[in-house]
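K.L.:
Would you mind keeping the following structure in view while I ask a few things?
The values are calculated or read from the model by the stated rules, or taken from the named source; none is laboratory data. The shown structure was predicted, so the numbers you read here are calculated from the model rather than taken from an experiment. Using ideal geometry, Cβ is built from the backbone for each residue, glycine included, and neighbour counts are taken over all protein chains shown. Just so you know, the surface numbers come from the protein's heavy atoms only, side chains and all, with ligands and any DNA or RNA stripped out. Shrake-Rupley method; radii C 1.70, N 1.55, O 1.52, S 1.80 Å.
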Amino acid sequence: VQLQASGGGLVQAGGSLRLSCTGSGTAISRNDMYWYRQGPGKERELVADINRIGVKNYADSVKGRFTISRDNAKKTVYLQMNGLKPEDTAMYYCKTRTVDYSIYWGRGTQVTVSS
């Protein structure tokens with residue numbers, strides 16, 4: 001199982017980015033999918049998740065600004081990030097939990113928000 005995250009970059013405060021996480025070797029459509037982030041000097045935190053039936057959850061800090069979605073045909077989960085703030089600066093990671101509860105992480109993609 002491999003997860004490939006992409007879409008990070010440098011953006012000004014108030015801007016937008018869309019992160020993508022594409023999976024191989026696993027049926028993304030049947031998995032729970034997560035986006036985490038880890039900022040400088042901080043612990044890794046859950047940003048958003050979407051379960052296999054499409055129920056979504058968000059961290060309070062991103063509610064109303066970030067949207068998680070999935071395209072099962074493309075085996076991809078997205079994180080649309082609008083209204084970015086400097087405190088959103090972090091390495092963003094995607095994670096999947098399969099139907100047998102195995103956990104896999106992708107490599108991160110860096111998001112940097114300048115003020």
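K.L.:
What single numbered condition from (1) open to solvent by 80 Å² or more (accessible area, probe 1.4 Å); (2) at pLDDT below 95; (3) of a type outside the set (S, T, N, Q) fails to hold for Val99?
P.N.:
The number of the failed condition is (1).
K.L.:
In region 23-57, what residues are open to solvent by 60 Å² or more (accessible area, probe 1.4 Å) and at pLDDT 95 or above? I'd like the intermediate steps shown before the answer.
P.N.:
Our first condition is that a residue be open to solvent by 60 Å² or more (accessible area, probe 1.4 Å); within region 23-57, this holds for 25, 30, 38, 40-46, 52-53, 55-57.
If the condition is that a residue be open to solvent by 60 Å² or more (accessible area, probe 1.4 Å) and at pLDDT 95 or above, then Gln38, Lys42, Glu43, Arg44, Glu45, Leu46, Val55, Lys56, Asn57 are the ones that fit.
K.L.:
Within the set of pairs 6 or more residues apart or between chains, which connect a residue that is closer than 16 Å to Met91 by Cα and acidic (Asp, Glu) inside region 31-57 to a residue that is open to solvent by less than 70 Å² (accessible area, probe 1.4 Å) and in a loop (DSSP other than H, G, I, E, B) with Cβ atoms less than 8 Å apart?
P.N.:
Glu45/Ala59
K.L.:
Report yes if Ser61 is open to solvent by 20 Å² or more (accessible area, probe 1.4 Å), part of a loop (DSSP other than H, G, I, E, B) and hydroxyl-bearing (Ser, Thr, Tyr), otherwise no.
P.N.:
Working: open to solvent by 20 Å² or more (accessible area, probe 1.4 Å): yes; part of a loop (DSSP other than H, G, I, E, B): yes; hydroxyl-bearing (Ser, Thr, Tyr): yes.
In short, yes.
K.L.:
May I pose another question? Tell me, please, whether a residue that is surrounded by fewer than 17 Cβ atoms within 10 Å (Cβ to Cβ), over 16 Å from Ala5 (Cα atoms) and of a type in the set (Lys, Arg) can be found in region 67-86.
P.N.:
Yes, region 67-86 contains a residue that is surrounded by fewer than 17 Cβ atoms within 10 Å (Cβ to Cβ), over 16 Å from Ala5 (Cα atoms) and of a type in the set (Lys, Arg).
K.L.:
I'd like the full set of residues that are in a strand (DSSP E or B) and without any contact (Cβ under 8 Å) to a residue 60 or more places away in the chain, limited to region 16-30. It would help to see each step written out before you state the result.
P.N.:
Of all residues in region 16-30, those in a strand (DSSP E or B) come to 17-24.
Result: Ser20, Thr22, Ser24.
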